[in-house]
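Down below is the structure, laid out as structure tokens.
The values are calculated or read from the model by the stated rules, or taken from the named source; none is laboratory data. All figures in this text were calculated on a predicted structure; none of them were measured in a lab. A quick note on method: Cβ atoms are made from the backbone with ideal geometry, for glycine too, and the neighbour counts reach across all protein chains shown. Areas reflect the complete protein model, heavy atoms only, side chains present, ligands, DNA and RNA absent. Shrake-Rupley method; radii C 1.70, N 1.55, O 1.52, S 1.80 Å.
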Amino acid sequence: QVQLVESGGGLVQPGGSLRLSCAASRTRFTNNYMAWYRQAPEKQRELVAGITNGGSTNYADSVKGRFTISRDNAENTVSLQMNSLKPEDTAVYYCYAQYEWRYNYWGQGTQVTVSS
């Protein structure tokens, strides 16, 4: 069983920045892919950004150019740098990790609120 622990959420004004971090517990299995999802009230959970253990990334169109995902394979961590935040970025952000291309794990979620 893998545990994902998120940190870094909070309240920020529009145009501001936040950095989310997620640490995965160690396991003998290969961590192929890590990502950040978000879910706003009354909306479906959506992919924000993802990164493979080889460094390939993918982003939702709505965050391209504003958010940057990165990972440290040695430390089993993934981070999301969020710049130029907008009110519509307000959501609970979840860390996700996939091992061996089949085992899926989620963090508990961290609230990001963008408001003046």
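Can you tell me which residue is most open to solvent (accessible area, probe 1.4 Å) among those in the stretch 1-55 that are of a type in the set (S, T, N, Q), farther than 19 Å from PRO87 by Cβ and not in a loop (DSSP other than H, G, I, E, B)?
SER7
Enumerate the pairs (first residue in the stretch 61-86 and in contact (Cβ under 8 Å) with a residue 24 or more places away in the chain; second residue anywhere and in a strand (DSSP E or B) and acidic (Asp, Glu)) with beta-carbon separation below 9 Å, excluding pairs fewer than 6 apart on the same chain, so at least 6 apart or on different chains.
That search, which allows pairs on different chains as well, returns SER62/GLU46; VAL78/ASP72; SER79/ASP72.
Looking at (1) of a type in the set (Gly, Ala, Ser); (2) in a loop (DSSP other than H, G, I, E, B); (3) open to solvent by less than 60 Å² (accessible area, probe 1.4 Å), which is the one condition that is false for ALA74?
(3)
Out of the stretch 85-116, which residues are surrounded by 11 or more Cβ atoms within 10 Å (Cβ to Cβ), part of a loop (DSSP other than H, G, I, E, B) and hydroxyl-bearing (Ser, Thr, Tyr)?
Result: THR90, single match.
Restricting the stretch 56-71 to residues that are open to solvent by 40 Å² or more (accessible area, probe 1.4 Å) and part of a loop (DSSP other than H, G, I, E, B), which is farthest from THR90 (Cα to Cα)?
Filtering the stretch 56-71 for residues that are open to solvent by 40 Å² or more (accessible area, probe 1.4 Å) and part of a loop (DSSP other than H, G, I, E, B), the one farthest from THR90 (Cα to Cα) comes out as SER56.
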